[in-house]
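Let me begin by presenting the structure, written as structure tokens, before commenting on it.
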Amino acid sequence: MEDEREVILRELMKEHPILDMVSFTELDLQEKLKENAFQVIKYQDLYNREKMAYEKLEELMEVLVGECYDHYRFDEDRGLLKTEIEKYYLPKDIKIKQMKGILRKQKVKVEFFQMCMSGLKQMAWNMKEFGQNERKGI
């Protein structure tokens, strides 16, 4: 069975074929040079958006943990201690488990767009080196 990270990455790679974008030959070097700056800006923006969404989800998770903690601490008639709630009840709470799953998926997206940005920036450096070596006849 395929893990959810691989499924998300496959979908993102379909939508954003970064491997095609970061590869170049001497035949398409000029075209890739022209596109590179635009692609860096585009993927920086996508990264920033996904990272902001991730940070908002983290804030929601903190609120959810607080609400669940209050529920177990004050609404339950068990007289639970802080350590019992944190160790035994919060980790198995359905809402918290679902939110952790959402956070994991969002983190995969953030990491993907960060990888895209790094690849595009490295590509710019590689193209520069390639061009310099071509001029030197190496």
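Just a yes or no: is a residue in segment 65-80 modelled with pLDDT of 95 or more, within 30 Å of GLU11 (Cα to Cα) and not polar (S, T, N, Q)?
Taking every residue of segment 65-80 in turn, none turns out to be modelled with pLDDT of 95 or more, within 30 Å of GLU11 (Cα to Cα) and not polar (S, T, N, Q).
Can you name the residue in segment 86-111 that is of a type in the set (A, V, I, L, M) and out of contact with any Asp or Glu (no Cβ under 9 Å at 6 or more places or on another chain) and, of all such residues, is surrounded by the fewest Cβ atoms within 10 Å (Cβ to Cβ)?
First, pick out the residues of segment 86-111 that are of a type in the set (A, V, I, L, M): 90, 94, 96, 99, 102-103, 108, 110.
Then drop every residue that is not out of contact with any Asp or Glu (no Cβ under 9 Å at 6 or more places or on another chain), which leaves 90, 94, 96, 99, 102.
Working: LEU90: 17, ILE94: 8, ILE96: 18, MET99: 19, ILE102: 13.
For segment 86-111, the residue satisfying everything is ILE94.
Test of understanding: among ARG10, ARG5, which residue is loosely packed, with under 12 Cβ neighbours inside 10 Å and more than 12 Å from PHE113 (Cβ to Cβ)? Steps first, please.
On the way: ARG5 fails: loosely packed, with under 12 Cβ neighbours inside 10 Å.
That would be ARG10, the only listed residue that is loosely packed, with under 12 Cβ neighbours inside 10 Å and more than 12 Å from PHE113 (Cβ to Cβ).
Are there any pairs, at least 6 apart or on different chains, whose C-beta atoms fall under 8 Å, with the first in segment 25-45 and more than 24 Å from LEU12 (Cα to Cα) and the second of a type in the set (Phe, Trp, Tyr), and if so, which?
Close Cβ pairs satisfying both conditions: GLU26/PHE130; LEU29/PHE130.
With GLN114, GLN132 as the choices, which residue is out of contact with any Gly (no Cβ under 9 Å at 6 or more places or on another chain), closer than 30 Å to GLU26 by Cα and at pLDDT below 80? Explain how you work it out, then say what you get.
On the way: GLN114 fails: at pLDDT below 80.
Answer to the selection: GLN132.
All but one of (1) within 16 Å of LYS105 (Cβ to Cβ); (2) in contact (Cβ under 8 Å) with a residue 60 or more places away in the chain hold for TYR54; which doesn't?
TYR54 satisfies all of (1) within 16 Å of LYS105 (Cβ to Cβ); (2) in contact (Cβ under 8 Å) with a residue 60 or more places away in the chain except (2).
The values are calculated or read from the model by the stated rules, or taken from the named source; none is laboratory data. Note that the structure is predicted; figures quoted are calculated from it, not measured. FYI the Cβ positions are ideal-geometry reconstructions off the backbone, even for glycines, and counts take in every protein chain you see.
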